[in-house]
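Working notes, beginning with the structure itself.
Any read-out appearing in this document is the output of simple, stated calculations on the displayed coordinates, not a laboratory observation. Quick caveat, the model's predicted, so the values are computed rather than measured. Note that we place each Cβ from the backbone using ideal geometry, even for glycine, and neighbour counts take in every protein chain shown.
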Amino acid sequence: MGAIYPVILCGGSGTRLWPASRADQPKQFLKLIGQTSSFQDTVLRVKDLPGRAEIVIVTGEAMVGFVQDQTAEIGVSVTVLVEPEARDSAPAVAAAAAYVEQRDPDGVALMLAADHHIVEPEIFAQAAITAARAADEGLIVTFGVKPTGPATGFGYIRPGKPLLDGSVSAVAAFVEKPDRATAETYVAEGYYWNSGNFAFKAAVLLGELDVFEPTVSAAARACMVGLQMDGGTARLDRAAFAGAAKISLDYAVMERTQKAAVAPAAFSWSDLGAWDAIWDVSTTDPSGNAAVGDVTLIDSRNVLVRSTGPFVGAIGVEDLVIIAEPDAILVCRRDASQAVKTLVDGLKRDGRSIAIGHDRDDRPRRVLAAAADWEVSVWTLAPHETAALPPGSVQVLAGETSLGALLNVIEAPTIVTAQTAATLLVTRRP
């Protein structure tokens, strides 16, 4: 079997875990459960995997600092490929596959999400080796998690005939998130949860993209031409990457290929998609409460409370989520956690920058002039620092940023990342 190259995708902003998770500090880098983030846990799970080669991280400019700091914190060396823009998962995975193929034509990529919670690392390692062996035979393997109940927040996989030695099965169908009754049927009929983690030979995946989405594979290969590594970090060429169709790996390949297989995964798994999932995997007291930060609970049951800012006291409440950040507080029923995205979408429509970024008192920002519905300010950003800018116009006075142009009109709250020290003139408008 070829060497295994773990590829960890660090995109997304975890909208349903607002206000803790936002685009300037997404959920995979938050220490929501224990002393390490889910990104760090993912890296540690693959660090000692038998046959493991280089660990490759694919992320955006805004997250490079988090990746570097958190891998240094756990003492693991990685290679970081930086996307110039978000174009969904297929272009990101294809770029990593092209990198692996360039390094090792027989390499097997183990593609993992950075924001998943897996309890038993040794069972994960066994499943990863099984999937990698099947991938070495030319299959594109996804991990299918045995359901613990009829969850409606996950997609499902219907397994088909056994393949190879029976360690994996063909994928008969991928199905979307079901309603409760349909989910119960899926569980009874032996469907798996679709974990969104994969194993494949880099060359095999690129070959399938050549057939189904040739712009994606062409862009990935073009990004490898003249790729420059700087201290373990390489930035993909913006023009080459922009040539890829914006499409997910599921739509680009998995739902169209004849090479899809599913490897059963017996580990306990969660995608930590909402606050109720965080409560599910948290350590609770005898009353079912999970509390982090400056919190006091009295006569309360089955409550999740997390504060990184003010003191939170709750008396006589049940089945609630209370999340307190210095600039925002969320209170909702645990069974309404999926609706947090609706709240955030509303904030975005209203042009509220707290929808995507944390308001910080320590950010160098000087207001030059202001009225009730407009403001002109100067923002000073350090290299790799991010800021959530409000709708309006942004002029880059000095330095380089992820905006690209020197003058930009922003129609919605936007995260900007300074590539060098930068000074911005920001005119906020209604």
> Ranked from highest to lowest mean number of other Cβ atoms within 10 Å per residue, what is the order of the peptides 281-290, 367-376?
Replying inline: 281-290, 367-376
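Between T284 and Q258, what FRET efficiency comes out of the Förster formula 1/(1 + (r/R0)^6) with R0 = 60 Å and r the beta carbon distance, rounded to 0.05?
Working: r = 46 Å, r/R0 = 0.76.
It comes to 0.85.
Place the peptides 394-403, 230-239, 244-253 in order of packing, highest mean first, counting for every residue the other Cβ atoms within 10 Å and averaging per peptide. Please report the intermediate quantities before stating the final value.
Working: 394-403: 17.1, 230-239: 14.6, 244-253: 20.3.
Descending packing order for the listed peptides: 244-253, 394-403, 230-239.
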>> Please report the antiparallel percentage of the DSSP beta bridges confined to the chain, to the nearest 5.
In response: 60
> Once label points are set 7 Å from the Cα along Cα→Cβ at both D327 and Q126, what is their separation, rounded to one decimal in nm?
Replying inline: 4.7
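Taking only the C-alpha atoms, wrap a convex hull around region 283-340 and report its volume per residue in Å³ as a whole number. Could the numbers behind the result be given before it?
Values: hull volume 4.2 nm³, N = 58.
Hull volume over Cα atoms, normalised by residue count, gives 72 Å³.
Show me 140-146, 179-185, 419-425, 408-414 ranked by packing, highest mean number of other Cβ atoms within 10 Å first.
Values: 140-146: 24.9, 179-185: 13.0, 419-425: 17.1, 408-414: 15.4.
Output ranking for 140-146, 179-185, 419-425, 408-414: 140-146, 419-425, 408-414, 179-185.
Of K47/K341; K27/K177; K146/K201; K259/K341, which ones are farther than 32 Å apart at the Cα?
Numbers: K47/K341 34 Å; K27/K177 22 Å; K146/K201 25 Å; K259/K341 35 Å.
K47/K341; K259/K341, as the Cα separations exceed 32 Å there.
Taking K and R as +1 and D and E as -1, what net charge do the other residues with C-beta under 9 Å from the C-beta of G309 add up to?
-3
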> Just for the Cα atoms in region 1-111, what are the lengths along the principal axes, largest first, rounded to whole Å?
Replying inline: 43, 30, 20
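Just to confirm the filter: which trypsin sites (Lys or Arg not before Pro) across region 1-97 are DSSP coil and have at most 15 other Cβ within 10 angstrom of their Cβ?
Working: sites: R16, R22, K27, K31, R45, K47, R52, R87; in loops: K31, R87.
For trypsin sites (Lys or Arg not before Pro) across region 1-97 that sit outside H, G, I, E and B with at most 15 neighbouring Cβ atoms in 10 Å, the list reads K31.
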> By the scheme Lys and Arg +1, Asp and Glu -1, what is the net charge of all other residues having a beta-carbon under 11 Å from that of I55?
Replying inline: +2
> Rg and Dmax of region 279-415 over Cα atoms: what are they, in angstrom?
Replying inline: 19.1, 57
> How compact and how long is the chain, expressed as Rg and Dmax of its alpha-carbon atoms in Å?
Replying inline: 22.3, 71
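Taking the Cβ of W269 as the center, what net charge do the other residues with Cβ under 13 Å away carry, scoring Lys and Arg +1 and Asp and Glu -1?
On the way: positive: R45, K146; negative: D41, D115, E120, D271, D280.
So the environment of W269 carries a net charge of -3.
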> Considering the Cα trace of region 365-428, what is its radius of gyration and what is Dmax, both in angstroms?
Replying inline: 10.8, 33
